[in-house]
Amino acid sequence: MSLVQRSMVRVIPLVRENLVWSLLVSVFVCVATCAQAQADSRPNVLVVLTDDQGWGDLSLHGNPNLQTPHIDSLARNGVQIENFYVCAVCSPTRAEFLTGRYHTRTGVFSTSAGGERFDVAERTIGDAFQDAGYATAAFGKWHSGMQAPYHPNARGFEEFYGFCSGHWGNYFSPMLEHNGEIVEGDGFIVDDLTQHAIEFMEQPRENPFLVYLPLNTPHSPMQVPNEDWKEFDGKEIVPDPRPENAKKEDVQHTRAALALCENIDDNVGRLLDALERLSLSQNTIVVFFCDNGPNGSRFNGGLRGRKGAVHEGGLRSPCLIRYPAKIKAGQTVGGIAGAIDLLPTLADLCAVEVGATAGPLDGISLRDALVDPQTEPARRLIFTAWKGKLSVRSNQYRYHQNGDLFDLDADPGETRSIAKTKPVAAARFKRALEEWAVETKPRGRNHSEEQVFPVGHPEHAWTQLPARDAQATGEIRRSNRFPNSSYMTNWHSTDDAITWDVDVLAKGQFEVELYYACPESAVGTKLNLEWRQGDSTATTSSEVTVANPSGPIHLDKDRSTRAESDEKHWEKLSLGRIDLPEGSGRLSLTCPRIMGEDGEPRGVEIRLMMLHRVPAE
């Protein structure tokens, strides 16, 4: 064999080996590329949830008093679910959307002071989509817990900008938070939240996004920007066709609510324009719904009840879903559906595994009904409870705990109970409602629970302890009976204190900051923070050196008398550092020295205490 021949014998196997490796590499690259392409083809998701906007607050539903063309376009270019149900008030609806489970299962029983938190064991839509590789963000009113592990950053949302309370006292460049740290907003709050959502969607990324935008209007206080108020100032209002609603209507409150609804519509238009500009419209699922019935007796299509009621008017919400790549435009989905269905539906549409939840999902996927106009959601019952009032909805009927039964096909306004003429149906619904109540254990009107607030989560640097979560002794008073955005005032005695019962999740040293207001005469007031855990104590203190005589702000933008507390500009005071051991205890804020002359304002007002974990060296 010649030298050339022997060389060829050695080369041929080498060529074959290289060819095999090249083919394998090509296959791996193809698989990886295809997998990336599949991941990139998954739709984005944008969910807009409004606060106290009723079913009737859209021109889509025949309201002659306003125009909502951008929101209406979601029905024209997507689908609307004809009979969609949420809860009677806000925090239960948020819990049901986020978990896909009835709020009665998750521990929610109130709208403030810790009762709005759903259990840590619950898995959220943020958790599921984040685990699936989605970029997740929430902008707005969280209202499902303020301190980690209840904070949105601890529940699957990597980005959060907004506030965690149930309502806010100021809508114009207010005090907000960004991922736990206190910041100042920029302009009217809904415009600002929308801008943050747009900027998040604009960020270049390989993975799709889930943006949750829970706007906080038209919830009171009824603060409206001047440009939105012009059209409604003094406007004649067409009342609801239901006489009881028309009789109870506060026309000025209605004007403000409708102005806020048109502002929401403008911002929905900004979102849709941004998706179009970014070439994301076709492959983005846009969902719009509301958290309960209207916060006033205004136009609501003649439905009975409003916010807080378990009748149709308190529970029925618009639900509009646009997804041009998969959902045919202009459909109406029949049957019944609810907030509990959105998590399984969006997960199904996005090929996202929901994963192990704290218990079985109560919601079902509506995917088939959305993509096939001939299909309706599976027939079933949807239950609701709030403050001792319970009702259940079937495709045709609503039954109430008091025994009333209404045929909603014939009587959508629930004006005539047919329980006596339909005793078999009434008995069937009564039994179903009783069994559901035994299973899920809704808490009654008088339920109360001593709340303990977590502090110092090891994975989250900031902990907020607002006045709303505190208890006061002596003469100290909360600024309003609605605690969510209140502050502590009337601090005139050195014997009085503001206290928080807390559970320190991981020991450490913490920088303490107070947000306060006080008159000039109160300069020199001494503040002391004490930690007590059994016989163990720790303290830190400081002195007020800068006056902050802020009075109520932006009340000129209130278009209707507010029920909530006013808001102020709050100064920040460092209280130094304190060492906190792990475990339960009490933080007590006292004033061992209160400055001020008799007959003059004295002491300080406290809005918020912040704890910032000092990194270990």
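The values are calculated or read from the model by the stated rules, or taken from the named source; none is laboratory data. Everything quoted here is computed from the prediction, not taken from an experiment. Neighbour counts are summed over all protein chains in view; Cβ atoms, including those assigned to glycine, are modelled from backbone coordinates with ideal geometry. Heads up: the accessible areas ignore ligands, DNA and RNA and are worked out on the full protein's heavy atoms, side chains in. Shrake-Rupley method; radii C 1.70, N 1.55, O 1.52, S 1.80 Å.
Kindly evaluate ALA337 against the criterion of being out of contact with any helix residue (DSSP H, G or I) (no Cβ under 6 Å at 6 or more places or on another chain) and closer than 26 Å to ALA88 by Cα. Can you show your working first?
Working: out of contact with any helix residue (DSSP H, G or I) (no Cβ under 6 Å at 6 or more places or on another chain): yes; closer than 26 Å to ALA88 by Cα: yes.
Yes; evaluated as a whole, the condition is true for this residue.
Just one of the numbered conditions (1) touching a Gly at 6+ places or on another chain (Cβ under 7 Å); (2) not in a loop (DSSP other than H, G, I, E, B) is not true of ASP348; which one?
Of the numbered conditions (1) touching a Gly at 6+ places or on another chain (Cβ under 7 Å); (2) not in a loop (DSSP other than H, G, I, E, B), the odd one out for ASP348 is (1).
Identify, please: which residue in region 434-477 is more than 22 Å from the chain's Cα centre (by Cα) and part of a helix (DSSP H, G or I) and is, among those, surrounded by the fewest Cβ atoms within 10 Å (Cβ to Cβ)?
VAL438
Among the residues of region 520-529, is any buried (at least 17 other Cβ atoms within 10 Å of the Cβ), in a loop (DSSP other than H, G, I, E, B) and touching a strand residue (DSSP E or B) at 6+ places or on another chain (Cβ under 7 Å)?
The answer is yes; a qualifying residue exists.
For region 114-145: of the residues being part of a loop (DSSP other than H, G, I, E, B) and among the aliphatic types (A, V, I, L, M), which is nearest to the chain's Cα centre (by Cα)?
Of the residues in region 114-145, the ones part of a loop (DSSP other than H, G, I, E, B) are 114-124, 132-134, 142-145.
Checking which are among the aliphatic types (A, V, I, L, M) leaves us with 120-121, 132.
On the way: VAL120: 16, ALA121: 18, ALA132: 22 Å.
Per the criteria, the residue is VAL120.
Each row is one residue, and each column tells you yes or no for (1) touching a residue at least 12 places away in the same chain (Cβ under 8 Å); (2) touching a helix residue (DSSP H, G or I) at 6+ places or on another chain (Cβ under 7 Å).
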site	(1), (2)
ASN395	yes, no
THR421	no, no
ARG428	no, no
THR440	yes, yes
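So, THR415, is that one in a loop (DSSP other than H, G, I, E, B), without any contact (Cβ under 8 Å) to a residue 12 or more places away in the chain and over 22 Å from the mean Cα position of the chain (by Cα) or not? Step through it out loud before you land on a result.
On the way: in a loop (DSSP other than H, G, I, E, B): yes; without any contact (Cβ under 8 Å) to a residue 12 or more places away in the chain: no; over 22 Å from the mean Cα position of the chain (by Cα): yes.
When the stated conditions are applied, THR415 does not pass them.
Taking the residues in region 540-585 that are closer than 30 Å to ASN295 by Cβ, in contact (Cβ under 8 Å) with a residue 60 or more places away in the chain and of a type in the set (A, V, I, L, M) as candidates, determine which candidate is surrounded by the fewest Cβ atoms within 10 Å (Cβ to Cβ).
Taking the candidates together, the pick is ALA563.
Being over 15 Å from TRP168 (Cα atoms), of a type in the set (Gly, Ala, Ser) and in a loop (DSSP other than H, G, I, E, B) is the filter here, so list the residues in region 478-506 that pass it.
SER493, ALA506
Please verify whether SER317 is more than 30 Å from ASN44 (Cα to Cα), modelled with pLDDT of 95 or more and of a type in the set (Ser, Thr, Tyr), treating the condition exactly as stated. Walk me through how you get there before you give the answer.
Working: more than 30 Å from ASN44 (Cα to Cα): no; modelled with pLDDT of 95 or more: yes; of a type in the set (Ser, Thr, Tyr): yes.
Judged against the criteria, SER317 is not a match.
Just to be sure, is ASN267 open to solvent by less than 10 Å² (accessible area, probe 1.4 Å) and either aliphatic (A, V, I, L, M) or assigned to a helix (DSSP H, G or I) (or both)? So that I can check it myself, show each step before the final result.
On the way: open to solvent by less than 10 Å² (accessible area, probe 1.4 Å): yes; either aliphatic (A, V, I, L, M) or assigned to a helix (DSSP H, G or I) (or both): yes.
Yes.
In the set HIS143, HIS196, HIS167, which member is within 21 Å of ILE125 (Cα to Cα), touching a Ser or Thr at 6+ places or on another chain (Cβ under 7 Å) and buried (at least 21 other Cβ atoms within 10 Å of the Cβ)?
Values: HIS196 fails: touching a Ser or Thr at 6+ places or on another chain (Cβ under 7 Å); HIS167 fails: within 21 Å of ILE125 (Cα to Cα).
Of HIS143, HIS196, HIS167, the one residue that is within 21 Å of ILE125 (Cα to Cα), touching a Ser or Thr at 6+ places or on another chain (Cβ under 7 Å) and buried (at least 21 other Cβ atoms within 10 Å of the Cβ) is HIS143.
Checking THR332 against (1) in contact (Cβ under 8 Å) with a residue 24 or more places away in the chain; (2) outside any strand (DSSP E or B); (3) open to solvent by 50 Å² or more (accessible area, probe 1.4 Å), only one condition comes out false. Which one?
(2)
Of everything in region 336-351, what is touching a Leu at 6+ places or on another chain (Cβ under 9 Å) and open to solvent by 10 Å² or more (accessible area, probe 1.4 Å)? Give them in sequence order.
PRO344, ASP348, LEU349
Quick one: which of THR494, THR537 is open to solvent by 20 Å² or more (accessible area, probe 1.4 Å), more than 30 Å from GLU116 (Cα to Cα), without any contact (Cβ under 8 Å) to a residue 24 or more places away in the chain and not acidic (Asp, Glu)?
Details: THR494 fails: without any contact (Cβ under 8 Å) to a residue 24 or more places away in the chain.
One residue alone meets the criteria, THR537.
Would you confirm, using the coordinates I've provided, whether GLU227 is modelled with pLDDT of 95 or more, within 28 Å of the chain's Cα centre (by Cα) and open to solvent by 50 Å² or more (accessible area, probe 1.4 Å)? Reasoning before the result, please.
Numbers: modelled with pLDDT of 95 or more: yes; within 28 Å of the chain's Cα centre (by Cα): yes; open to solvent by 50 Å² or more (accessible area, probe 1.4 Å): yes.
Spelling it out, GLU227 is indeed modelled with pLDDT of 95 or more, within 28 Å of the chain's Cα centre (by Cα) and open to solvent by 50 Å² or more (accessible area, probe 1.4 Å).
Answer yes or no as to whether SER173 is open to solvent by 40 Å² or more (accessible area, probe 1.4 Å), within 24 Å of ASN267 (Cα to Cα), of a type in the set (Ser, Thr, Tyr) and touching a helix residue (DSSP H, G or I) at 6+ places or on another chain (Cβ under 9 Å). Reasoning before the result, please.
Details: open to solvent by 40 Å² or more (accessible area, probe 1.4 Å): yes; within 24 Å of ASN267 (Cα to Cα): yes; of a type in the set (Ser, Thr, Tyr): yes; touching a helix residue (DSSP H, G or I) at 6+ places or on another chain (Cβ under 9 Å): yes.
Against the criterion (open to solvent by 40 Å² or more (accessible area, probe 1.4 Å), within 24 Å of ASN267 (Cα to Cα), of a type in the set (Ser, Thr, Tyr) and touching a helix residue (DSSP H, G or I) at 6+ places or on another chain (Cβ under 9 Å)), SER173 qualifies.
Need the failing condition index for ALA425 against (1) small (Gly, Ala, Ser); (2) in a loop (DSSP other than H, G, I, E, B); (3) over 23 Å from GLY359 (Cβ atoms), just the number.
For ALA425, the exception is condition (2).
So that you can scan it fast, the table gives a plain yes or no per residue for (1) in contact (Cβ under 8 Å) with a residue 24 or more places away in the chain; (2) open to solvent by 10 Å² or more (accessible area, probe 1.4 Å); (3) over 23 Å from THR124 (Cα atoms):
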| residue | (1), (2), (3) |
| --- | --- |
| LEU280 | yes, yes, yes |
| VAL286 | yes, no, no |
| SER297 | yes, yes, yes |
| ARG304 | yes, yes, yes |
| ARG322 | yes, yes, no |
| VAL354 | yes, yes, no |
| SER365 | yes, yes, no |
| PRO373 | yes, yes, yes |
| LYS389 | yes, yes, yes |
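Of the conditions (1) touching a strand residue (DSSP E or B) at 6+ places or on another chain (Cβ under 9 Å); (2) under 30 Å from THR284 (Cα atoms); (3) modelled with pLDDT under 95, GLY114 fails just one. Which one is it?
Condition (2) is where GLY114 drops out.
Can ILE606 be described as touching a residue at least 40 places away in the same chain (Cβ under 8 Å) and surrounded by fewer than 19 Cβ atoms within 10 Å (Cβ to Cβ)? Don't jump to the end; show me each part of the working.
On the way: touching a residue at least 40 places away in the same chain (Cβ under 8 Å): yes; surrounded by fewer than 19 Cβ atoms within 10 Å (Cβ to Cβ): no.
Criteria not met by ILE606.
Going residue by residue through region 598-606, is there one that turns out to be among the acidic types (Asp, Glu), at pLDDT 95 or above and closer than 30 Å to VAL251 by Cβ? Lay out the reasoning, then the answer.
First, pick out the residues of region 598-606 that are among the acidic types (Asp, Glu): 598, 600, 605.
Within this subset, residues satisfying the condition of being at pLDDT 95 or above are 605.
Now narrow it down to the ones that are closer than 30 Å to VAL251 by Cβ: none.
No: zero hits.
Residue by residue through region 497-518, note down the ones that are open to solvent by less than 30 Å² (accessible area, probe 1.4 Å) and over 18 Å from THR540 (Cβ atoms). Give the steps one after another, and end with the answer.
Looking only at region 497-518, we keep the residues that are open to solvent by less than 30 Å² (accessible area, probe 1.4 Å), and these are 497-500, 502, 504, 506, 508, 510, 512, 514-518.
Scanning region 497-518 gives ALA506, ALA517, CYS518.
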